[in-house]
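Reviewing the structure listed below.
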Amino acid sequence: MKILSVENLSRSFGGIKANDNISFDVEQGTILGIIGPNGAGKSTLFDLITGYTKADNGKVQFFEKNIFGLSPDKISNLGVGRTFQKLKPFADQTLLENVMIGAFVKEKNIKRARDKALEIIDFVDLVEKRHHFAKELSTGQRKRLEMARAMAIEPKLLLMDEVTGGVDQKTIPGLVELIKKLKKTGVTIITIEHNINIIMEISDNVLALDQGQRIAFGPPKEIQKNKQVIDAYLGTFDAA
Amino acid sequence: MLLDIKNIDVLYDDFQVIWDVSINVEKAEMVALLGPNGSGKSTILNTISNLVEHRNGKINFENKLISNIPTFKRTELGISHVLERRRVFPHLTVKQNLQLGAWHPKAKDQINQSLKKIYKIFPKLETRSDQLAKTMSGGEQQMLAIARGMMGLPKLLMVDEPFLGLSPMVMKDLIKIFKNIVQEGISILFVEQNVRLALSMADRGYVLESGRLVIDGKSEDLIDNEKVTKIFLGN
Amino acid sequence: MTSEIILQAIVTGLMMGLIYALIAAGLSLIFGLMEIVNFAHGEHLMLSMFSSFWLWSLFGLDPLFSIPITILLLAFCGILTHYFLIRYILRAKMLIQICATFGLSIFIRSIAQLLWTPDFRNVDKPLLEGRIEVGSVFIGQPQLFASLVCLLAFIGLYLFVTKTETGLALQATAQDRHAAEVLGIPSNKMFAIGWAIGLGCVGVAGGMMANYFFIFTDVGINFALFAFVAVALGGFGSIIGCLYAGVIIGLVESLGGLLIDPSFKLLYVFVIYLLVVIYKPQGLFGRY
Amino acid sequence: MESKLIAAKSEPLWNTNNKVISIVCALVVLLFTLPLFGLNSFYLHLFIMIFMHAVMAQSWNVIAGFSGQISLGHGAFFGIGAYATSFFYMQYGITPWISIFFGMFISGIFAILIGIPMLRLSGHYFAIATLLIGISFQVVFQRWDLVGAASGLWVTMTPEDSWIALQFHSSKVPYYYVFLIFFLITFFVVWLLSRSKLGYRLRAVRDDPQAALSLCINVSNYKIIAYVISAMIMAPMGSLFAQYILIIDPDRVFNIEISIIVLLITVLGGIGNVWGPIIGASILIPISEYSRIYLGGTGGAVDLIFYGLILMIICIFRPNGLISFIPKDILERKKQR
């Protein structure tokens, strides 16, 4: 079953087409990886889907319900969670409080919301850090915090922006395991990732973008061999 | 040796982004810094111009330790930094942008010669000299940013992602310009994602992965190196 | 209501508007540079008026001649402000920045009250006095002169910022601090210059107004409010926008006062402010 | 692994530090018994002012500290409260006990009316707009004849002390208790608020509105809620103040200094923290009252010089307020690691 379907989504900023007629579908329970070089329009695509940026035109359907043009809080209320590339933790609050704010969406009782938040924090393996302020956590831990916080709203679809970006090499395997573990819970995931190895390892499908355009879509093995993708990453000699 | 970086670490707050990196650039040499997104290439350039402080290690320029010299005094030494995404002053004209490039006294004395030279290299900038920078296309802005960097009479020109978002035509122009600059005895250190393009023009390359130097060497040796390909495309 | 009265109100509004414009330009320059609103702007204006007053009452210098001294004093005051307060809060949260300049405003105003009491003062028999009649419109000479000087100062400021090297460097720092820094332009020095010039503008306005305005410790509050509004109307950071916005405010104030009720001047300006910031948050004339 | 989770879940919801609780309880008891020791009227007045300003600052703390909107015109709600009780009492003979709620209600309505357009503004725009609002109220009331225009309202005095009219002429002790009780209630309410779901969400809005949106929080609605709550805390203090001094006029109850002092107290004590306003008020108000006695009377506002200086010094050196001197683990929010 299609959980998300995006059709001809476009957005330009002052003449530059950040997203140009992007279309793709996501099947429920799968992981879609989005790759592309710097400035390919990956994060813009996330912002368009979740309503943070208004699209110029296009169509976004979530469970066959049109969510195009809704405000971000309404979209998240329907069950779309997200994390941010430029991390946005609630810096002056503890990890636990951060996740509790997410948990309050489904759970009104404070005690039960706390317990639920703790379970999720345990899931991302940060229980010992629960009383640390978000600003005291390392980047890798803050990434987990954002994942946990987004999970706490019990999303059906989770958009994750560069989970492994900017973190120490040593912590990457742990984050990858976490994504895999998350998939097993039945959540559909779209993840932006620049580390190709990880994308190949976890995704069911890969969407490759370059300069705002969709250049390839398909299973990872195919994408890795796709000439356009290789050119986008390694460049071409044409110019030289 | 013009620039010599020895074993630097860089931390943002408590979080380390650069681990024990050493890089050097000779006079009149073109060197490429390569690596996937977020591998720390820009951070290294920012460290060289002291927009970001480094811990441990040393940065020497012309055999002089410059680790503690503030950013704004580094152009005078001969280090020009063209920041990522161009960063021209959008509400100033092309000419005003160029003027500001020649800020330290030595550059100011020579501003007219420099302008002439720049206009020869970038003829488009002369015809558009009274236009606001924001009205120019991406490629023209990139040219302007590089030209502005040249106005400071650098010995080392650092360019962050010069080819990002440029059309193949403009890229070709820019490559020629880079070669001309190096022929004049100025060294170029540039950050690039396009490995093949970068290595086709640079003398040497350094490849970074997650803040660590993985491999470096002459361009010929790197260009179809399997290890490099793996870093970018995976196993 | 005759057309003469309306014409009179327009002239009065225009003259006042030019003064607002210059005060706002100083505020806008500072904001454009470092995104800090100087909530002590009105108090700085008050200081400049008192500077003019004391130079007159202690040394018998007419406000017309003491203007350069007042400007220098205020510019120095700006550098002090930057050096002792602003540079510490550049990276602080906006709340802290607001509180800091707010604190400065309370500090200056209450010190002034302690030193000079809240009495109203004025410069007695200045060189410029009386009014001239043009057609059926009366124009106060000091008012006319003050607004012309403010206009000149405004043009001077505009030329300085757009034509001189330092002015360009100021603009560059405002537009992209880091890009300016890597070219060798020290932002800290630029900030200090910005404060000096920003308060220098206030020095001109206050010094000229000392000719005809009552001088008291709370005099700055209303001017500062109008300057805040002018900066928002003109687009935060836009200098030329301040000119239009200042004039608009002057006209709204005097025409509103004439057509509706003079005691609610502030409200008309406030309504204009709300309409603009809600419907056109980038200001009427955009940034820069 | 599992055990860590179980241990975490078995933690109490709030870290209740027994020492803090007993100190707070002792203080409350002390405050209730203080007048019995025969405090003279100056000290009674001092405490009344501390209570009042602590509540006013707490009101500001809710909008600025919890939801991150910097209002520079909060005095408006104080004035509304003051005028509501006095006006309804003089015009219709309604007891202040009821019209306190009128004042709260009117303030709340105004907060909604003002909040809907203004809370769309962010940062400086909002701050400047609120500054203008505060002064606009003063201007309007100065010209509004129904409420006595610039000369204000002189509340008709009852011949004797009256609990119904909330007027006491012979002693300040009843006022002391009234203010004390409002003070305690407000703090309890805000303390509850800070621990409630609403409190969590407001802090989320303050810390990062964008991230809050991704957690189904309608940011603009929550800002308005905070504004309304804040206004409704402020209004009763205006009402009580009017009953305390029995003469109100626009220059007194809509004075911009009211908006300033609430900001000052909160920033000094610690913004965004329930205890901040108490600490701030108990330091600033005595400074102010004493300086008025020893230095005042010359027309100079010496206390304001200190205020300005303190505010700048705090902003430079202690942006988190004096409360940041108290080790975090003593306070509730940080629990054992």
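Identify all residues within region D:123-137 that are more than 9 Å from every other protein chain (Cβ to nearest Cβ) and open to solvent by 20 Å² or more (accessible area, probe 1.4 Å); write none if there are none.
Selection gives D:F137 alone.
Using the structure shown, decide if B:K155 is under 27 Å from B:S39 (Cα atoms), of a type in the set (D, E, K, R), open to solvent by 20 Å² or more (accessible area, probe 1.4 Å) and in contact with a Lys or Arg (Cβ under 8 Å, 6 or more places away or on another chain). Lay out the reasoning, then the answer.
Values: under 27 Å from B:S39 (Cα atoms): yes; of a type in the set (D, E, K, R): yes; open to solvent by 20 Å² or more (accessible area, probe 1.4 Å): yes; in contact with a Lys or Arg (Cβ under 8 Å, 6 or more places away or on another chain): yes.
Against the criterion (under 27 Å from B:S39 (Cα atoms), of a type in the set (D, E, K, R), open to solvent by 20 Å² or more (accessible area, probe 1.4 Å) and in contact with a Lys or Arg (Cβ under 8 Å, 6 or more places away or on another chain)), B:K155 qualifies.
Can you find a residue in region A:167-188 that is buried (at least 19 other Cβ atoms within 10 Å of the Cβ) and under 16 Å from B:S39 (Cβ atoms)?
yes
Scan B:I59, B:I69, B:I79 and give me the residue that is open to solvent by less than 50 Å² (accessible area, probe 1.4 Å) and facing chain C (nearest Cβ under 10 Å). Give the derivation first.
On the way: B:I59 fails: facing chain C (nearest Cβ under 10 Å); B:I69 fails: facing chain C (nearest Cβ under 10 Å).
Of the residues listed, the single one that is open to solvent by less than 50 Å² (accessible area, probe 1.4 Å) and facing chain C (nearest Cβ under 10 Å) is B:I79.
Does B:F178 meet the test of being outside any strand (DSSP E or B) and either among the hydrophobic types (A, V, I, L, M, F, W, C) or in contact with a Ser or Thr (Cβ under 6 Å, 6 or more places away or on another chain) (or both)? Walk me through it before giving the result.
Numbers: outside any strand (DSSP E or B): yes; either among the hydrophobic types (A, V, I, L, M, F, W, C) or in contact with a Ser or Thr (Cβ under 6 Å, 6 or more places away or on another chain) (or both): yes.
The answer is yes for B:F178.
Residues to consider are D:I313, D:I247, D:I283, D:I287; find the one that is surrounded by fewer than 18 Cβ atoms within 10 Å (Cβ to Cβ), more than 29 Å from C:Q97 (Cβ to Cβ), over 13 Å from the mean Cα position of the chain (by Cα) and of a type outside the set (D, E). Outline the logic, then answer.
Numbers: D:I313 fails: more than 29 Å from C:Q97 (Cβ to Cβ); D:I283 fails: more than 29 Å from C:Q97 (Cβ to Cβ); D:I287 fails: more than 29 Å from C:Q97 (Cβ to Cβ).
Checking each option against the conditions leaves just D:I247.
Looking at this structure, is C:V231 away from every other protein chain (no Cβ under 11 Å), touching a Phe, Trp or Tyr at 6+ places or on another chain (Cβ under 7 Å) and not in a loop (DSSP other than H, G, I, E, B)? Walk me through it before giving the result.
Details: away from every other protein chain (no Cβ under 11 Å): no; touching a Phe, Trp or Tyr at 6+ places or on another chain (Cβ under 7 Å): yes; not in a loop (DSSP other than H, G, I, E, B): yes.
It is false that C:V231 is away from every other protein chain (no Cβ under 11 Å), touching a Phe, Trp or Tyr at 6+ places or on another chain (Cβ under 7 Å) and not in a loop (DSSP other than H, G, I, E, B).
Scan (1) under 30 Å from C:F264 (Cβ atoms); (2) assigned to a loop (DSSP other than H, G, I, E, B) for the single condition D:S171 breaks and write down its number.
All conditions pass for D:S171, except number (1).
Considering only residues that are surrounded by fewer than 24 Cβ atoms within 10 Å (Cβ to Cβ) and modelled with pLDDT of 90 or more, look in region A:79-92 and name the one that is nearest to the other protein chains (Cβ to nearest Cβ). Before the answer, list the steps.
Kept after step one, since they are surrounded by fewer than 24 Cβ atoms within 10 Å (Cβ to Cβ), are these residues of region A:79-92: A:79, A:84-89, A:91-92.
With the extra rule that they be modelled with pLDDT of 90 or more, the set shrinks to A:79, A:84, A:88-89.
Numbers: A:G79: 10, A:F84: 7, A:K88: 4, A:P89: 7 Å.
Result: A:K88.
State yes or no: is B:S22 closer than 21 Å to B:E84 by Cα and either among the hydroxyl-bearing types (S, T, Y) or open to solvent by 10 Å² or more (accessible area, probe 1.4 Å) (or both)? Break it down into steps so the answer makes sense when it comes.
On the way: closer than 21 Å to B:E84 by Cα: no; either among the hydroxyl-bearing types (S, T, Y) or open to solvent by 10 Å² or more (accessible area, probe 1.4 Å) (or both): yes.
Taking the combined requirement at face value, the residue does not satisfy it.
Find all pairs meeting these conditions: Cβ atoms under 6 angstrom apart; at least six residues apart or on different chains; first residue within region C:181-203 and touching a residue at least 40 places away in the same chain (Cβ under 8 Å); second residue not in a helix (DSSP H, G or I).
The qualifying pairs do not exist here.
What do you reckon, is D:F101 open to solvent by 40 Å² or more (accessible area, probe 1.4 Å) and under 19 Å from D:V228 (Cβ atoms)?
Values: open to solvent by 40 Å² or more (accessible area, probe 1.4 Å): yes; under 19 Å from D:V228 (Cβ atoms): yes.
So D:F101 passes the test.
Can you tell me how many residues within region D:32-83 are within 20 Å of D:R206 (Cβ to Cβ) and not in a helix (DSSP H, G or I)?
Summing the residues that are within 20 Å of D:R206 (Cβ to Cβ) and not in a helix (DSSP H, G or I) in region D:32-83 gives 8.
Which residues, counting only those in region A:148-158, are surrounded by 20 or more Cβ atoms within 10 Å (Cβ to Cβ) and under 23 Å from A:E97 (Cβ atoms)? Steps first, please.
Our first condition is that a residue be surrounded by 20 or more Cβ atoms within 10 Å (Cβ to Cβ); within region A:148-158, this holds for A:148-153, A:155, A:157-158.
Selection gives A:A148, A:R149, A:A150, A:M151, A:A152, A:I153, A:P155, A:L158.
Among the numbered criteria (1) in contact (Cβ under 8 Å) with a residue 40 or more places away in the chain; (2) closer than 30 Å to C:L127 by Cβ, which one does C:L284 miss?
(2)
Any idea which residue in region D:205-238 is nearest to A:L145 (Cα to Cα), counting only those that are in contact (Cβ under 8 Å) with a residue 24 or more places away in the chain and touching a Lys or Arg at 6+ places or on another chain (Cβ under 8 Å)?
Of everything passing the filter in region D:205-238, D:V205 is nearest to A:L145 (Cα to Cα).
Only one residue in D:L153, D:L166 is away from every other protein chain (no Cβ under 14 Å), modelled with pLDDT under 85, open to solvent by 10 Å² or more (accessible area, probe 1.4 Å) and touching a helix residue (DSSP H, G or I) at 6+ places or on another chain (Cβ under 7 Å). Which one?
Working: D:L166 fails: open to solvent by 10 Å² or more (accessible area, probe 1.4 Å).
Residue meeting the stated conditions: D:L153.
Given region B:1-91, what strands (runs of 3 or more DSSP E) lie entirely inside it while holding 2 or more residues that are under 25 Å from A:L137 (Cβ atoms) and among the aromatic types (F, W, Y)?
Of the strands (runs of 3 or more DSSP E) lying wholly inside region B:1-91, those with at least 2 residues that are under 25 Å from A:L137 (Cβ atoms) and among the aromatic types (F, W, Y) span B:15-25.
Output the number of the condition that D:F37 fails; it satisfies all remaining conditions of (1) of a type outside the set (S, T, N, Q); (2) closer than 16 Å to D:S230 by Cβ; (3) surrounded by fewer than 18 Cβ atoms within 10 Å (Cβ to Cβ).
(2)
Using the structure shown, decide if C:G237 is under 22 Å from B:P90 (Cβ atoms) and part of a loop (DSSP other than H, G, I, E, B). Don't jump to the end; show me each part of the working.
Details: under 22 Å from B:P90 (Cβ atoms): yes; part of a loop (DSSP other than H, G, I, E, B): yes.
The answer is yes for C:G237.
Do the conditions hold for C:V247, that is, is it assigned to a helix (DSSP H, G or I), over 15 Å from D:R143 (Cβ atoms) and open to solvent by less than 20 Å² (accessible area, probe 1.4 Å)? Walk me through how you get there before you give the answer.
Details: assigned to a helix (DSSP H, G or I): yes; over 15 Å from D:R143 (Cβ atoms): yes; open to solvent by less than 20 Å² (accessible area, probe 1.4 Å): no.
Spelling it out, it is not the case that C:V247 is assigned to a helix (DSSP H, G or I), over 15 Å from D:R143 (Cβ atoms) and open to solvent by less than 20 Å² (accessible area, probe 1.4 Å).
Determine which single condition A:F104 fails, assuming it passes every other condition in (1) modelled with pLDDT under 90; (2) buried (at least 24 other Cβ atoms within 10 Å of the Cβ).
(1)
Is one or more of the residues making up region B:97-106 assigned to a loop (DSSP other than H, G, I, E, B) and either open to solvent by 80 Å² or more (accessible area, probe 1.4 Å) or not hydrophobic (A, V, I, L, M, F, W, C) (or both)? It would help to see each step written out before you state the result.
Here is the first cut: in region B:97-106, the residues assigned to a loop (DSSP other than H, G, I, E, B) are B:102-104.
From the residues that got through so far, the ones that are either open to solvent by 80 Å² or more (accessible area, probe 1.4 Å) or not hydrophobic (A, V, I, L, M, F, W, C) (or both) too are B:104.
Yes, because at least one residue in region B:97-106 is assigned to a loop (DSSP other than H, G, I, E, B) and either open to solvent by 80 Å² or more (accessible area, probe 1.4 Å) or not hydrophobic (A, V, I, L, M, F, W, C) (or both).
So, C:A210, is that one in contact with a His (Cβ under 7 Å, 6 or more places away or on another chain), crowded, with 21+ Cβ neighbours inside 10 Å and either of a type outside the set (D, E) or at pLDDT 90 or above (or both) or not? Can you show your working first?
Details: in contact with a His (Cβ under 7 Å, 6 or more places away or on another chain): no; crowded, with 21+ Cβ neighbours inside 10 Å: yes; either of a type outside the set (D, E) or at pLDDT 90 or above (or both): yes.
The answer is no for C:A210.
Taking D:L304 as meeting all but one of (1) farther than 30 Å from D:W154 by Cα; (2) at pLDDT below 85; (3) at the interface with another protein chain (Cβ under 8 Å from one of its Cβ atoms); (4) under 21 Å from the mean Cα position of the chain (by Cα), write down the number of the exception.
(1)
Restricting attention to region B:98-111, report how many residues are closer than 17 Å to B:P123 by Cα and at the interface with chain C (Cβ under 8 Å from one of its Cβ atoms).
The number of residues fulfilling the criteria is 1.
Consider region A:77-110. How many of its residues are of a type in the set (D, E) and closer than 26 Å to A:I67 by Cα? Can you show your working first?
Of region A:77-110, the ones of a type in the set (D, E) are A:92, A:97, A:107.
Subset that is closer than 26 Å to A:I67 by Cα: A:107.
Selection size over region A:77-110: 1.
Under the condition of being open to solvent by less than 10 Å² (accessible area, probe 1.4 Å) and over 16 Å from B:S200 (Cβ atoms), which residue from region B:162-189 is nearest to the other protein chains (Cβ to nearest Cβ)?
It comes out as B:L189.
Name the residue, out of C:L259, C:L274, C:L267, that is more than 19 Å from the chain's Cα centre (by Cα), more than 13 Å from C:G26 (Cα to Cα) and more than 13 Å from every other protein chain (Cβ to nearest Cβ). If you could, list the steps in order and put the result at the bottom.
Values: C:L274 fails: more than 13 Å from every other protein chain (Cβ to nearest Cβ); C:L267 fails: more than 13 Å from every other protein chain (Cβ to nearest Cβ).
Sole residue among the options that is more than 19 Å from the chain's Cα centre (by Cα), more than 13 Å from C:G26 (Cα to Cα) and more than 13 Å from every other protein chain (Cβ to nearest Cβ): C:L259.
The values are calculated or read from the model by the stated rules, or taken from the named source; none is laboratory data. Quick caveat: nothing in here was measured; it's all calculated off a predicted structure. In this analysis, Cβ positions are derived from the backbone assuming ideal geometry, glycine residues included, and neighbour counts consider all displayed protein chains. Accessible surface is based on the protein model in full, side chains and every heavy atom, while ligands, DNA and RNA are left aside. Shrake-Rupley method; radii C 1.70, N 1.55, O 1.52, S 1.80 Å.
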